[in-house]
Structures are given as structure tokens and as C-alpha cells.
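Trainee: Mind having a look at this structure? Questions to follow.
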Amino acid sequence: MKLVYRILLHLSWALSLLLAAWAVLFYFTLIDEINDEVDDSLENYAEMLVTRSLAGRELPAAYSGSNNGYYLHDVSAEYAEGRQHMVVSDEEMLIPEKDEEEPARVLRTIFRDSGGRYKELTVMTPTIEKDDLQEAILWWIVYLYLFLLLAILLVNVLVLHRTLRPLYALLRWFDSYTVGGKNAPLVNDTKVVEFRRLNEAANRYAERAESLFERQKQFIGNASHEMQTPLAICRNRLEMLVDDGSALTEAQLGEILKVQGTLDYLVRLNRSLLLLSKIENGQFPETEQVDFNAQVRRTAEDMEEIYAGREMRFELHEQGHLSVRMNPSLAASLVSNLLKNAYVHGDKGGTVSVTVAPHELRVCNSSGGGALDAEHIFERFYQGTKKEGSTGLGLSIVDAVCRLYGLRVGYSYINRCHCFSVHFRLYKTKKTDRGRLFQLHFSFRSQLCTVNTSQT
């Protein structure tokens with residue numbers, strides 16, 4: 001959930017409770033004021049009637065068509081002493097003019113006349129209009145409550161979006177930032193102190209990451225380069241010992257061959273690391289039109305000879321011509337590593353299937369070992385199962401080539417078959433000083449691979 005929406009959610013709960021409490025308090029306060037006004041009116045009317053009665057003056061008609069009515073009658077001393085001087089209540093009263101009962105506000109008071117007799121005066125006023133007023137007030141309070149809630153939330157949305165604009169700009173910069181890539185500088189002017197400090201921290205850590213990344217690349221490149229010569233010397237000396245086998249026993253020759261195998265692995269590993277370092281350092285700027293159909297055929301011939309002992313069948317399906325402008329060495333490395341991965345990790349006696357389409361290259365190999373971890377398969381030195389001849393860097397090189405050209409590589413496991421698919425599409429962009437540029441675009445498609453697993 002976005003920060004703005006989370007803040008609004010909490011604000012809506014808090015404001016709903018606060019405004020609801022205010023609305024309830026306001027409603028009952030207003031109703032109490034209305035009742036006070038009605039009670040004051042009844043008290044004034046009752047006082048006028050009592051004053052006229054004590055003065056012996058003529059009283060008005062009990063029901064003269066006005067809102068107020070009354071009736072006066074004698075009561076006993078015992079009744080008067082057991083009652084309060086004045087009582088106000090809400091009751092159902094009979095209205096003689098209408099001959100029906102209606103809700104009314106009633107005031108009862110007891111007084112003594114000049115003759116010492118106790119009398120009870122009952123004054124009443126219908127409350128139908130008051131109930132209508134209360135209902136109207138209630139609905140207007142509800143409307144006001146909803147309006148205030150929505151208005152406050154809308155104002156908060158606008159204020160929060162404007163206030164958090166520097167944060168969103170920083171997040172977009174982080175999303176587009178790639179360590180070691182060509183990144184735009186962080187332009188995020190703001191007067192908020194916290195956001196300025198956050199921008200400064202982001203720039204510091206970006207510079208630190210770039211520095212560490214450059215030192216790492218330099219170390220890998222230098223180390224790989226420096227290891228080439230001593231590895232070559234060791235291999236040559238071991239070959240000389242093997243050639244002079246008369247001075248060695250059979251057991252010694254076996255151990256030397258094991259050491260040679262280990263050195264061969266180190267040489268392949270060193271070459272792969274050096275290639276990765278060169279790719280990340282951008283040391284392949286040259287580009288030309290690469291014929292992937294021909295590249296796949298040449299690489300497949302070499303792979304069939306190298307892995308002839310695995311008795312694997314190679315199938316090439318050419319559904320069209322694939323030609324892409326990129327560095328020829330990296331194109332060859334892309335194809336060779338995909339094919340090598342298929343041969344090394346495929347079942348012995350299985351099938352390697354390559355499909356070349358106008359915008360797609362797909363390499364599949366039969367394998368009953370189950371699906372690999374798609375999230376980690378392109379990481380360096382990751383191997384689902386250790387295979388002889390594998391350094392764990394082949395797919396990392398494929399991924400590095402794809403990232404260099406803005407691509408992503410995909411993997412699927414369907415019908416006991418590992419499939420790696422790269423989809424090339426050319427999008428013409430605006431002209432620059434260098435001429436027309438083309439963007440390589442990648443998409444992964446999960447498709448069934450057609451392999452023949454019956455042949456061994």
C-alpha cells in the first residue's frame with residue numbers, strides 16, 4: 001500500500017471517530033437548546049395564567065387555536081404536598097380541536113389561590129413541529145458530517161501529494177538507478193529538511209556503491225588477467241611431465257592428470273570471469289549485423305564434436321532469418337553459453353532443440369531432473385546440480401550480455417524440458433549524430449519444446 005493511501009486510511013478512521021463524536025454532541029446540544037426554548041415558552045405561558053388566576057382576571061380560552069393549550073383544576077392538599085412545584089415531561093395529549101392524541105411537551109405546576117385552595121395548572125404545546133425540526137437537524141448534521149469528512153480527506157490528498165512529491169522523485173530515481181550504468185543525476189529540489197537529508201544520503205550511498213562496484217570489477221579483471229600466465233605455465237609444465245612419462249609411475253601419471261583437469265577448470269573459470277569483467281566494463285563497443293542462423297550452425301557443429309560422448313541429438317528449427325546488430329563476440333558468447341548449458345545439463349542420450357525465428361532464439365534440452373530455481377538460475381556460480389565441465393558462470397554471462405543491451409533472459413520447464421527463450425524486436429528511434437539507433441527488446445515466452453526423447 002502506498003504511503004499516501006496508508007496515511008489517508010488512518011486519517012479517515014481518526015476523522016470519522018472525531019467528527020462522529022462532534023456530530024452526536026452537536027445534535028444533542030442543539031436538541032437540548034430547542035427543549036429549553038420550548039420549556040421557557042411554557043413557563044412564561046404558565047406564569048401568565050397563574051398571575052391572571054390570582055388576580056381574578058378572566059383566563060383565555062383553553063384551546064384558542066394557538067399552539068399552546070391548558071386546563072386548570074382543583075386538587076387536594078395531600079396531592080399538592082406529594083408533588084413537585086413544577087414538572088416538565090413529554091406525553092401523548094388529547095387535542096380537543098382535533099379529537100386525537102399528539103405528542104406534546106407538558107408543564108404541570110401547583111399553586112394556591114387567594115382562598116387557600118390548591119390548583120394544578122397543566123400547560124401543553126404540540127411537539128410535532130419540534131420532531132420535524134429535530135429530524136431535519138439530524139439529516140443536515142449527517143450531510144455536514146459527510147461533506148466535512150470528504151473535504152478534509154480531499155484536502156489531505158492534495159497536500160500529501162504535493163508534500164511527498166520529493167519522495168516520489170527520489171523513489172523514481174532509485175527505480176531507474178543501476179550500479180555501474182549511465183545514471184541521470186538526482187535532481188530533487190525541496191525545502192523540506194528531512195527530504196534534503198534523504199537526497200544527500202542517497203547521493204552518498206550511490207557514490208559509495210559505484211566506488212565499490214568499480215573496485216570489484218577492477219579486482220576481478222586484474223586478478224583474472226594476472227592468473228592467466230601462471231595457469232598457463234602450470235599447464236605447460238604438467239604436459240611436459242606427462243610427455244616424459246617414462247620417469248613416472250602409473251599412479252603418478254593419474255595424479256598429474258587429475259591436477260590437469262583441475263587446472264583446465266580454473267582456466268575456464270578465469271576466462272569466464274574475465275569475460276564478465278569486460279562485459280561489465282563496456283569493453284565491447286564495436287557492433288555489426290550478426291547472422292544468428294549461421295552463428296547457431298557454427299556453434300552447434302563445435303558442440304556436437306565436444307560432447308559427442310554424451311550421445312545427444314541436436315535439432316535445429318529455422319522458422320525464419322534472425323539478424324541483430326550487436327557485438328559479434330558477445331553474440332557468439334550468448335549462443336555458445338546457451339548451447340553449452342543445454343549439453344552439460346541435458347540428459348545423456350537426450351535432445352538439444354534450437355529454434356531460430358525472425359525475432360526469437362529458443363534453446364531447449366530434455367531433462368528429468370525437475371525445474372530449476374528461476375529466481376537464482378542466472379546468479380554467478382549457481383548450479384542446481386553440479387555437472388562436470390560447468391563453471392556456474394555460463395548463464396551469468398548470458399544474463400550480462402542481455403543486461404548490456406537492455407534485455408532480460410527467461411526460463412521455463414515444460415514437459416520435462418528446460419527452455420531458455422530470447423525474443424528480439426527492433427524498434428526504430430529518433431535520429432542522433434550517430435545515425436539511427438535500434439533498441440533490442442526481450443520478452444520471454446513459455447512455449448512447449450518439441451523434443452524427441454525416444455532416441456538414445
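The values are calculated or read from the model by the stated rules, or taken from the named source; none is laboratory data. Just so it is clear, the structure is predicted and the values come from calculations on it, not from any experiment. Glycine also receives a Cβ, built like all others from the backbone with ideal geometry; neighbour counts cover every protein chain displayed.
Trainee: Need a quick list: strands (runs of 3 or more DSSP E) entirely within the stretch 282-377 having at least 3 residues that are at pLDDT 85 or above, under 23 Å from Leu393 (Cα atoms) and among the hydrophobic types (A, V, I, L, M, F, W, C).
Mentor: 360-366
Trainee: Consider Arg313 against the criteria (1) within 17 Å of Leu404 (Cβ to Cβ); (2) touching a strand residue (DSSP E or B) at 6+ places or on another chain (Cβ under 9 Å): it satisfies all of them except one. Which criterion is unmet?
Mentor: It is condition (1) that Arg313 fails.
Trainee: Go through the stretch 160-171 and give me each residue that's surrounded by 11 or more Cβ atoms within 10 Å (Cβ to Cβ) and in a helix (DSSP H, G or I).
Mentor: Residues satisfying the conditions are Leu160, His161, Thr163, Arg165, Pro166, Leu167, Tyr168, Ala169, Leu170, Leu171.
Trainee: Name every residue in the stretch 35-63 that is surrounded by 11 or more Cβ atoms within 10 Å (Cβ to Cβ) and in a loop (DSSP other than H, G, I, E, B), in order of residue number.
Mentor: Leu59, Pro60, Ala62, Tyr63
Trainee: Next up: Under 6 Å by Cβ, and 6 or more places apart or on different chains, what pairs join a residue from the stretch 209-231 that is surrounded by 14 or more Cβ atoms within 10 Å (Cβ to Cβ) and assigned to a helix (DSSP H, G or I) with one that is of a type in the set (D, E, K, R) and modelled with pLDDT under 80?
Mentor: Partner pairs satisfying both residue conditions: Lys217/Glu280.
Trainee: Check Val87, Val75, Val24 and return the single one that is assigned by TED's automatic domain parsing to the domain that holds Thr122, in contact (Cβ under 8 Å) with a residue 24 or more places away in the chain and among the β-branched types (Val, Ile, Thr).
Mentor: Val75
Trainee: Could I ask something else about it? Among the residues of the stretch 152-165, are any more than 25 Å from the chain's Cα centre (by Cα), in contact (Cβ under 8 Å) with a residue 24 or more places away in the chain and at negative phi?
Mentor: Within the stretch 152-165, one or more residues are more than 25 Å from the chain's Cα centre (by Cα), in contact (Cβ under 8 Å) with a residue 24 or more places away in the chain and at negative phi.
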